[in-house]
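First the structure, in the form of structure tokens, and then the observations on it.
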Amino acid sequence: MQYDHILVRYGELALKGKNRTQFEQTLVRNIRFALQGTPGAKVKRTFGRAIIELHGEPLDEVMEPLRHVFGISSFSPAMRASNDIEAIKETALQALLQHKGDTKTFKVNARRSYKPFPISSQDINPMIGSHILKNTEETTVDVHHPDVEINVEIREQGTYITCGRIEGAGGLPVGTAGSVMLMLSGGIDSPVAGYLSMKRGAELEAVHFHSPPYTNERARKKVEDLTKVLTTFGGSVKLHVVPFTELQKAIHSSIPSNYSMTIMRRMMLRITERIAADRGVLALANGESMGQVASQTLESMYTINEVTNMPILRPLVTMDKQEVVDISEKIGTYPISIRPYEDCCTIFLPSESVTKPRREKAVRFENTMDFQSYIEEAVENTEMITFGGESGETERDMDSLL
Ligand code: ATP
Ligand code: MG
């Protein structure tokens, strides 16, 4: 007898009716997507849980990708027994013996969801407990601080027995909240903002501005690699790469240098909004954190935000840099983000930017150039690359935005 199932638990408190069905269906789809590397494993939905049948796939290889699936609160390797008390007792013993981790003290928690089963939960607990004590050495029961809790769930289809639980990624299944257009630089912050948007159920698309030849291929590769990491949390991500050189040159030559950063941000936002609208995406996201740099003061956000009516998610807005770095290390984007290539924002830009840019001034400066045609040109020449599609392959094609 060995662990041949995984029991998956998800947050269920806030879920009712139609939302619940959609949540469960999306979660199961995402689990299947995450388990493409172990095709033998089968995912099934039972009331309030998902069950994975391993069918010979290695337990550890199935558990690893599960850690990244949003919507899962916890999961546990499980053994299945028929609804027969002798079988349940023996399976619980085996589950404990094969549990990886301390098992000196234990506690049994039986839950009888299938009421026709003739023995109550309170009576099952001591029956299993004494069977384990009889067949092990140096094991004792501790109901307050056990090394391991043995959970026994009796359901109509059978009884699932688990020892301990592994924490899941939490959040909501990607795809239950619609899509978000992430502004993705090569920095530390924006990939984390993308990860946190996905955590609340958003599917992700990303926009990256690059300025060849001032930014090079390796800078672009960096952004592609960051996008690939983000796909591990939610399937496919479309990356829109916007050629930004001409617009930056135009800003450089016609806008006073202390306002060029503000105007550049407004242009980025206008283009991102256009791409989002063309893709049917309802919200934007970026990696801004309040007060972090000149462009992220409240005055700056106020002036830059003027150009769009779309909601902008700023998942990092209240975080300190170290909190963001901690998340980026945890999710694996940090080593990519610190590769030393120039971002389009760092070239052309003056060392001094106003920290309190005013809307009237921004509008006045913009009226001195025909920025609309630059925006059209940039949108038209945007390239779209899909990462992590159904086949796991990358698909490259010119955007058909217009
Ligand atoms: P990050 O680490 O995400 O680059 P940052 O702290 O360096 O953030 P800025 O460079 O001021 O801050 O950028 C603020 C936000 O603007 C970024 O988080 C990102 O969402 C967006 N952004 C900046 N540069 C680009 C770019 N080249 N392409 C797309 N979005 C960008
Ligand atoms: Mg940056």
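Cα centroids of region 322-367 and region 141-199: how far apart, whole angstrom?
Value for the Cα centre distance between the two parts: 32 Å.
List the GluC sites (Glu not before Pro) within region 131-167 that DSSP assigns to loop and that have no more than 10 neighbouring Cβ atoms inside 10 Å.
When the GluC sites (Glu not before Pro) of region 131-167 are filtered for loop state and at most 10 Cβ neighbours within 10 Å, Glu137, Glu138 remain.
Can you work out the PRE-style zone for Val363? Point 7 Å along Cα to Cβ, and I want the residues of region 243-282 with backbone N under 14 Å.
So the set is empty, nothing qualifies.
With only Lys, Arg, Asp and Glu charged, each at its Cβ (+1 for the first two, -1 for the last two), find how big the charge dipole of the chain is about the Cα centre; round to the nearest 20 debye.
940
Could you calculate the FRET efficiency of Ser120 with Lys100 from 1/(1 + (r/R0)^6), where r is the beta carbon distance between them and R0 is 30 Å, rounded to 0.05?
0.45
Please report the spacing between the Cα centers of region 265-292 and region 63-96 in Å, no decimals.
Centre-to-centre (Cα) distance: 44 Å.
Run through region 83-127 and list the trypsin sites (Lys or Arg not before Pro) located in a DSSP loop whose Cβ has at most 15 other Cβ atoms within 10 Å.
Lys100, Lys104
Return one number: the angle in degrees, 0 to 90 and rounded to the nearest 10, between the long axis of the Cα atoms of helix 257-279 and the longest principal axis of the Cα atoms of the chain.
For 257-279 against the chain, the angle is about 50 degrees.
Run down the lysines and flag those whose C-alpha is under 19 Å from the C-alpha of Lys238, throwing out any fewer than 8 positions away in its chain.
List returned: Lys199, Lys221, Lys222, Lys228.
Sorted by mean Cβ packing within 10 Å, highest first, what order do the peptides 235-244, 127-136 take?
235-244, 127-136
If eta is 1.306 mPa s and T is 10 °C, what Stokes-Einstein diffusion coefficient results for region 5-167, Kirkwood Rh from Cα pairs, in µm²/s?
After rounding, the answer is 96 µm²/s.
How high is the FRET efficiency from Ser254 to Thr318, r the C-beta distance, R0 45 Å, rounded to 0.05?
Using R0 = 45 Å, I get an efficiency of 0.80.
What distance in nm separates the two pseudo spin-label positions at Arg339 and Asp60, each 7 Å out from Cα along the beta-carbon direction?
According to this spin-label approximation, the distance is 2.9 nm.
Which lysines have a Cα less than 25 Å from the Cα of Lys107, not counting those fewer than 8 places away in the same chain?
Cross-link targets: Lys89, Lys115, Lys134.
Readers should treat all values here as calculations from the given coordinates under stated rules, not as data from a laboratory. Everything quoted here is computed from the prediction, not taken from an experiment. Note that each Cβ is placed from the backbone with ideal geometry, even for glycine, and that neighbours are counted across all protein chains shown.
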